[in-house]
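Worksheet for the structure shown next.
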Amino acid sequence: MSQADLAAAAHLTRSWVSLFEGGHTPNASLGKVLAMLDVLGVTIHLTYDVPDPESNAHELGRLTTSEQRTVAQPRDDPGQSATSGPAVLDPAALDAARRRRSAHLARADADDLESDAER
């Protein structure tokens with residue numbers, strides 16, 4: 001598949017695909033990357049490691065007691081303390097994102113057809 005074909009199918013510019021392929025888009029949006037992967041039929045599984053608070057004990061010694069509690073129980077998730085190990089992307093969230101992307105692509109195709117018909 002050529003860069004131009006990939007760009008057209010993913011609703012991107014060929015120059016952006018070329019820059020991405022060459023490693024010159026350090027802040028590439030996840031949406032653009034996922035659009036290309038979708039066109040290429042590539043499935044991606046995202047995980048990340050949550051650091052073990054015990055491994056950073058020497059850093060905690062420099063923090064106040066209040067700051068240490070914040071590290072152990074972040075404000076955005078007060079019911080759970082940090083744990084080590086990978087966090088897996090929720091399959092339902094991934095399916096919802098794929099449905100939204102499909103709807104977006106269908107709308108973009110319809111827009112393209114309308115603009116072609118107007119010419």
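One residue alone among ALA28, ALA7 is more than 23 Å from ASP112 (Cα to Cα) and either touching a strand residue (DSSP E or B) at 6+ places or on another chain (Cβ under 8 Å) or not aromatic (Phe, Trp, Tyr) (or both), and that residue is ALA28. Highlighted here are the helices (runs of 4 or more DSSP H) found entirely within region 12-93 that include at least 2 residues which are at pLDDT below 85 and not assigned by TED's automatic domain parsing to the domain that holds LEU105: 57-60, 65-72.
The values are calculated or read from the model by the stated rules, or taken from the named source; none is laboratory data. Please read all numbers here as calculations on a predicted model, not as lab measurements. Note: ideal-geometry Cβ built from the backbone for every residue, glycine included; neighbour counts use all protein chains shown.
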